[in-house]
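I have placed the structure first, in the form of C-alpha cells, so that the comments after it can refer back to it.
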Amino acid sequence: MKKIFLFTICFLFLIFAFRFYSFEKAINTPLDPKSSQKVIFEIKPGSSAKLIATNLEKEGLVKDKSLVLTYLKFRGSPLLKAGIYQLSKDMSLKEIIDILIKGAMIERWITIPEGWRLDQIASYLEQENIVKKEEFLQKAKVIYFKKDYPFLKGLKNTSSLEGYLFPDTYRIFVNSSPEEIIRKFLENFENKIAKFETELKNSEFTLHQIITLASIIERETRTPEDRRIVSGIFQKRLKLNKPLESCATIAYIKKQDKYRFSFEDTRINSPYNTYINFGLPPGPICNPGLDSIEAVFYPKETDYLYFMSPPDGSIIYAKTYQEQLENMRRYFK
C-alpha cells in the first residue's frame, strides 16, 4: 500500500513537472523566432485582460489567448498599461507581457478632465513622466503659438494658454515635447469651437470672454442644466453691473479647490477676484468643456440672481439677497 502511495505521488509530481516545463517553454518561446516583423499594438484605456489577450492572438504575436490569461494569473493579474507599443513576432509571451506591464510604449493615452487648470495639467504630465511641469508651464504661452492659431490673435503675448487647452483624451508619442503636446490641445480646441461659428458671429462677447465665462461656469457647476442656469445668472449680473461673486475665481487665485472661502479670501487684491471687481476677470480660470462653452451661448433665463453650492455639490438658487442669506444659514450652520 505504501509503495502504491509513493508511486502515485511520484507520478503526480512528474505530471506537474511536465506541465510546468511545457508552460515555461510556451511563455519563453516566440511564436515565430525567425521573424523580426514589427507589429504596432494598441491597448486602449479601459481594455480588459481578455480583450488584450484576444488582440495579441489576432495580431499573430501569441499562439493562444488562453495562455496569455493563464500567464497573467500566474503573474498575479498585473495591470497592462494603455498605450501604443511596437512589438515583434520574435518576442516571447513573457517578453511581450513584461513590456506591457512596464509601459515601454512608443505612444500613450493621456486624459485631461474638464475644468483642470493649467498648473493641474502640468502637474499631471510630470507625474506621468511625460514632461517636466516647469518646462510645460514655460511653453504654455500665447507668444509661442499665436502665429499658427488665429483664435489667439488679440491676446497678449505674455498671456498663458489657460482656457485653450481643450479637455479630452489624447494619443501622444512618449518622447513628445511640451510644444507638441500643446499643439494637440490647441488643434482640438480649434476643431471643437468651429461648431459654434454662427453663435460666435452673433455673440456680444469675444471668444476670449466666452471662454473666460465658460471657465467660471465649468468650475461652479456639474450638470448641463445647472450650467445653463448659472450662465443666465452670470450674464444677468453682468448686464446689471453687479459683481459675479464667484468662489471659483478665488479658488483660481489661491490654487485651492474648496467649496467655501472666508470673507478675507474674498477681499484678496487680484484682477481675478470677482467679489471686488466688476465684469469678467482678465482671462479663463480653467479649461472648460463643450457643455460650459455651449451654456454661454444658450443661457437659461430664470428669476434667480444668486446661487450657492453646499458641500454635496448641488446648487441652491435664490431670487433675492435675503433668500441667499437664508440658504447660507441653512446649509452652512
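Extending 7 Å from Cα along the Cβ direction at residue 262 and again at residue 66 yields two label points whose distance is 6.7 nm.
Ranked for footprinting exposure by Cβ neighbours inside 10 Å, fewest first, 246, 176, 48 give 48, 176, 246.
Distance between the modelled labels on residue 158 and residue 191, one decimal in nanometres: 3.5 nm (7 Å Cα→Cβ projection). Springs join every pair of Cα atoms under 10 Å in this Gaussian network model of the chain, and among 103, 115, 163 the largest mean-square fluctuation is at 103.
For the options 104, 140, 248, a Gaussian network treatment of the chain with springs between C-alpha atoms closer than 10 Å singles out 104 as fluctuating the most.
Taking every alpha-carbon pair under 8 Å whose residues sit at least 6 apart, region 109-195 reaches a relative contact order of 36 percent.
Take the Cβ atoms of residue 29 and residue 179, set R0 to 41 Å, and the FRET efficiency comes out at 0.40. Label-to-label distance for residue 126 and residue 316 is 3.9 nm, based on points extended 7 Å past Cα in the beta-carbon direction. Between 132, 81, 58, the Gaussian network model of the chain with springs among Cα atoms under 10 angstrom shows the greatest mean-square fluctuation at 58. In straight-distance terms, cross-link reach from residue 239 covers every one of the lysines whose alpha-carbon lies under 27 Å from its own, apart from those fewer than eight places away in the same chain; here that gives 153, 156, 195, 201, 300, 319. Summarising the amide proton neighbourhood of residue 103: residues at separation of 5 or more, or on other chains, whose placed amide H is nearer than 5 Å comprise 81. Be a star and scan region 101-121 for residues whose amide nitrogen sits under 19 Å from the point 7 Å along the Cα-to-Cβ vector of residue 149. The answer is 110-121. Taking the structure as given and computing Kirkwood radius over Cα pairs in Å, which label from [x] 20.1; [y] 23.8; [z] 23.3 fits? After the calculation, the listed value that fits is [y]. Each Lys and Arg adds +1 at its Cβ and each Asp and Glu adds -1 at its Cβ; summed about the Cα centre, the chain shows a dipole of about 920 debye. For the pair residue 88 and residue 206, the difference between a 0.36 nm per residue extended length and the Cα-Cα distance amounts to 37.3 nm.
With neighbour counts taken as other beta-carbon atoms within 10 Å, the residues 330, 183 rank, fewest first, as 330, 183. Ordered by the number of other Cβ atoms lying within 10 Å of each residue's own Cβ, fewest first, 286, 247 fall into the sequence 247, 286.
Since every read-out is calculated from the coordinates, none of them should be taken as a lab result. Being a predicted model, the structure only gives us computed values, none of them experimental. FYI the Cβ positions are ideal-geometry reconstructions off the backbone, even for glycines, and counts take in every protein chain you see.
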